[in-house]
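Shown next, in structure tokens, is the structure this report addresses.
The values are calculated or read from the model by the stated rules, or taken from the named source; none is laboratory data. Keep in mind the model is a prediction, meaning the values are calculated, not measured. Please note: Cβ atoms are built from the backbone with ideal geometry, for glycine as well, and neighbour counts cover all protein chains shown. Surface accessibility is based on the protein's heavy atoms, side chains included, excluding ligands, DNA and RNA. Shrake-Rupley method; radii C 1.70, N 1.55, O 1.52, S 1.80 Å.
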Amino acid sequence: MQILGKAVTEIGAAMNGALIALGDRLGLYKAMAGVGPMTSEDLAAKTGLSERYLREWLSAQAAGDLVEYDPATRTFTLTNEYALLLAHENGPAFLPAAYEIMKSLVIDEPRLAEAFRTGEGVGWDEHHPCLFSGTERFFKPGYLMNLVSSWLPALDGVVAKLEAGAQVADIGCGHGASTIIMAQQYPKSRFWGFDYHEGSIESARKAAEHAGVSDRCSFEIASAKVYPGTQYDLVACFDCLHDMGDPSGAAAHVRQSLKPDGTWLIVEPFAHDELEKNLNPVGRVFYCA
């Protein structure tokens with residue numbers, strides 16, 4: 001019975017994951033943020049969506065403790081703490097993006113099953129586009145919070161070079177969030193984002209145009225082992241080295257692409273080397289990914 005009880009919790013969490021992604025897509029968390037208590041009728045009036053569906057969605061959120069329910073007034077409240085993580089894409093963390101990433105696990109399950117049979121890899125570019133957009137939205141808040149304020153200052157002499165005018169390569173740049181943040185902060189420097197996925201590079205170029213940094217921020221299709229250039233002051237790999245088919249080969253190419261006094265910035269999720277030390281909620285996320 002304990003195992004069944006745990007299974008019910010797991011099933012409910014997995015099913016509500018789809019509803020969290022849906023709530024993000026339909027703007028439901030944003031509609032509830034800062035408003036206070038709302039009935040399902042209130043939310044329907046504000047969003048123009050079906051009250052009957054919203055009633056079930058709100059009930060699921062309440063059962064999962066994501067919103068508070070008051071039976072006396074039949075109202076649901078998204079507290080400020082939950083709103084910070086569910087409704088604000090540029091806050092300290094944006095949780096719905098993680099559920100957008102998870103959708104690719106379900107959508108791409110047949111391809112993954114075949115990989116289990118053959119042992120062959122599944123390319124980043126072979127996944128559903130929700131993986132690409134979800135990854136950008138999930139990691140961007142961390143870059144906004146840390147990249148300029150703490151990560152770059154932790155590197156000896158790098159900020160001074162960037163302020164004076166440096167050459168920077170962002171490897172595995174995806175949709176370009178990290179590249180654009182650096183370009184906005186250091187207008188005298190020149191930035192190149194490289195990714196082997198054509199669709200991501202196209203999105204990055206549009207984002208750079210929208211951010212007004214396309215004059216100093218370029219994006220090109222290239223893999224981590226063959227991207228051009230040999231005189232970079234800084235090469236960065238944000239949350240991508242672990243996804244590469246040949247990380248050692250990528251590291252060798254980074255080394256030869258740097259100036260003699262250049263710097264390689266590597267940002268990676270933390271994990272222990274021993275499996276038994278990773279048997280925890282974060283470790284489970286990492287292993288599943």
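A few comments on the model shown:
- Phi-derived couplings, Karplus 6.51 cos²θ - 1.76 cosθ + 1.60 at θ = phi - 60°, listed residue by residue for the stretch 148-161: 7, 7, 9, 5, 5, x, 6, 9, 4, x, 6, 4, 4, 5 Hz, with x used for Gly and Pro.
- The stretch 65-168 - percent of accessible surface contributed by carbon and sulfur, probe 1.4 Å: 57
- In a fully extended conformation the segment linking Q184 and F116 would gain 20.2 nm over its present Cα-Cα distance, using 0.36 nm per residue.
- Looking at the chain alone, DSSP beta bridges between its own residues are antiparallel in about 15 percent of cases.
- Interchain or long-range residues, amide H under 5 Å from T263's placed H: L234, V235
- Beta bridges assigned by DSSP with both partners in the stretch 67-215 are antiparallel in approximately 40 percent of cases.
- For the stretch 164-171, the Karplus equation 6.51 cos²θ - 1.76 cosθ + 1.60, evaluated at θ = phi - 60°, returns couplings of 7, x, 10, 9, 10, 10, 10, 8 Hz by residue, with Gly and Pro reported as x.
- Exposed loop sites here are GluC sites (Glu not before Pro) assigned a DSSP state other than H, G, I, E or B and surrounded by at most 10 other beta carbons within 10 Å; excluding them, the longest clear run of the chain is 121-273.
- Total formal charge among the other residues, if their Cβ is under 10 angstrom from that of A87, Lys/Arg +1 and Asp/Glu -1: -1
- Between A62 and F286, the contour length at 0.36 nm per residue exceeds the alpha carbon distance by 77.9 nm.
- Both radii come from the Cα set of the chain: Rg as radius of gyration, Rh as Kirkwood radius; their ratio Rg/Rh reads 1.02.
- Computed from backbone phi with θ = phi - 60° and the Karplus coefficients 6.51, -1.76 and 1.60, the 3J(HN,Hα) list for the stretch 222-232 is 6, 7, 5, 9, 9, 4, x, x, 9, 10, 8 Hz; x is used for glycine and proline.
- Set K30/K103; K46/K206; K6/K46; K206/K259; K46/K103; K140/K188 screened for pairs whose C-alpha atoms are more than 25 Å apart: K46/K206; K6/K46; K206/K259; K46/K103
- Computed extension gain for E51 through D156, at 0.36 nm per residue and net of the alpha carbon distance, reaches 32.2 nm.
- Annotation note: trypsin sites (Lys or Arg not before Pro) in the stretch 158-194 located in DSSP loop regions with a Cβ neighbour count of at most 16 within 10 Å are K188.
- Accessible area (Å², per residue) of the stretch 137-236, counting only protein heavy atoms and a probe of 1.4 Å: 44
- The stretch 145-289 - Kirkwood radius from inverse mean 1/r over Cα pairs (Å): 15.9
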